[in-house]
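Please read the structure below before turning to the comments.
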Amino acid sequence: MSDAIKRLEVLYELKRYEDLLHVSIPLCATSFEDQGMSYHYTILSFIALERLDEALDMIEKALARFPLEAHYLYFQAFVLFQQNRPKEALSRVKELLAREPNHGAYHHLHAQILVELSRYVDAKRAIDQALALDAHDADFLVTLAIITYHLGNTPIACEIIASVLANDPHHAEALHLHSKLGASSLLEKKNILQRILFRNPFDKEGKERLESIKRYYAIAPALMLSFLLYASGEHFEMWEKSRQTSGILLLLSFYVWRDWRLSIPFFVLSFALLGNVAWHEWYVTLLGAAIYYVIGRIGGQILGLVFAKIEEIFQKGKRWMNR
């Protein structure tokens, strides 16, 4: 290995991608013996910097120079997948697998693309082929868990994630999936996300989800307190009773259900203040609070799914606009 390539390798390990590009791009234009490695590190740096269009241009140049090198085709499929062009990526990865059918990473990318296309049964076949080549690869197992979840078997998906984290407690994607599927409380999700960000402060998804939880803990108590003050005013007849009170409580239940430690006491206090129930009929207050809590939990989950779908569509549109 030449000194120039050793330098590129060190710069890549140090994540000094801009410095690496200054060295590697001129080397790609020369015809020295390690030109292929120059292309390799240049493409990896463009991908790391999320300069995907430039990565694609460099991949095309590399393929024109080295048409038999399968890993450039892999890079091309990967970048197309990252650009939300799964159908084009799928055609590239099929060509890649026709050349080299015994490479686990290629089958793994194939499975990831099929998941993006919602072809979960085909994705399961692809990830099984990857695992047949390397049964202990953590990334392969995480993708298997994602596919298993989409096929409707959440408990098995959680078991797979637990096995990954038992061997690698800091695996970022496994932690993300555990926070979505395995963590039962919002506080547990928060702790997992903090672990992810401690290891990688630049994790965008982790930052966004943690900020969402922090917003909840900032907004929800303020909304609850405002409503309880309003309800106490009605209870002590400081102002006339309003017909909109139950509607407001129902809307609040859609938001505050996420943490039972906050929401259950809130609903009990609300009904205690608003309900015209004799003291010996306390169970009526608890029953009413439980009903509102269940309604809020179901409604909140539905709204959460709707907002997640809207956000997914928005992100896909944003990626398409940036193409």
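General remarks:
- Of the residues making up segment 71-111, those that are free of Cβ contacts under 8 Å to residues at least 40 places away in the same chain and not in a helix (DSSP H, G or I) number 4.
- Odd one out for residue 258 among (1) at pLDDT 80 or above; (2) of a type outside the set (Gly, Ala, Ser); (3) part of a helix (DSSP H, G or I): (3)
- If you check 66, 46 for being within 16 Å of residue 96 (Cβ to Cβ) and touching a helix residue (DSSP H, G or I) at 6+ places or on another chain (Cβ under 7 Å), only one passes: 66.
- Segment 131-142 - residue that is assigned to a helix (DSSP H, G or I) and within 22 Å of the chain's Cα centre (by Cα) and, of those, nearest to residue 110 (Cα to Cα): 140
- The selection criterion, being crowded, with 19+ Cβ neighbours inside 10 Å and at pLDDT below 95, does not hold for residue 98.
To keep it simple, each residue is scored yes or no on (1) in contact with a helix residue (DSSP H, G or I) (Cβ under 8 Å, 6 or more places away or on another chain); (2) modelled with pLDDT of 85 or more; (3) surrounded by 16 or more Cβ atoms within 10 Å (Cβ to Cβ); (4) assigned to a helix (DSSP H, G or I).
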| position | (1), (2), (3), (4) |
| --- | --- |
| 250 | yes, no, no, yes |
| 270 | yes, yes, yes, yes |
| 280 | no, no, no, yes |
| 285 | yes, no, yes, yes |
| 288 | yes, no, yes, yes |
| 299 | yes, no, yes, yes |
| 307 | no, no, no, yes |
| 318 | no, no, no, yes |
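- Among the residues making up segment 193-208, a single one is buried (at least 20 other Cβ atoms within 10 Å of the Cβ) and either farther than 19 Å from residue 15 by Cβ or more than 14 Å from the chain's Cα centre (by Cα) (or both): 193.
- No other residue among 149, 120 is within 19 Å of residue 205 (Cβ to Cβ) and under 19 Å from the mean Cα position of the chain (by Cα) apart from 149.
- Exactly one residue out of 68, 21 is in a helix (DSSP H, G or I) and aliphatic (A, V, I, L, M), and it is 21.
- The condition of being surrounded by 13 or more Cβ atoms within 10 Å (Cβ to Cβ), under 23 Å from residue 111 (Cβ atoms) and outside the structural domain of residue 263 (by TED's automatic domain parsing) holds for only one of 188, 159, that being 159.
- Residue check, residue 231 assigned to a helix (DSSP H, G or I), closer than 27 Å to residue 294 by Cα and free of Cβ contacts under 8 Å to residues at least 24 places away in the same chain: no
The values are calculated or read from the model by the stated rules, or taken from the named source; none is laboratory data. On a predicted model such as this, the values are computed, not experimentally measured, just so you know. Quick reminder, even Gly has a Cβ in these numbers, built from the backbone with ideal geometry, and neighbours come from all protein chains shown.
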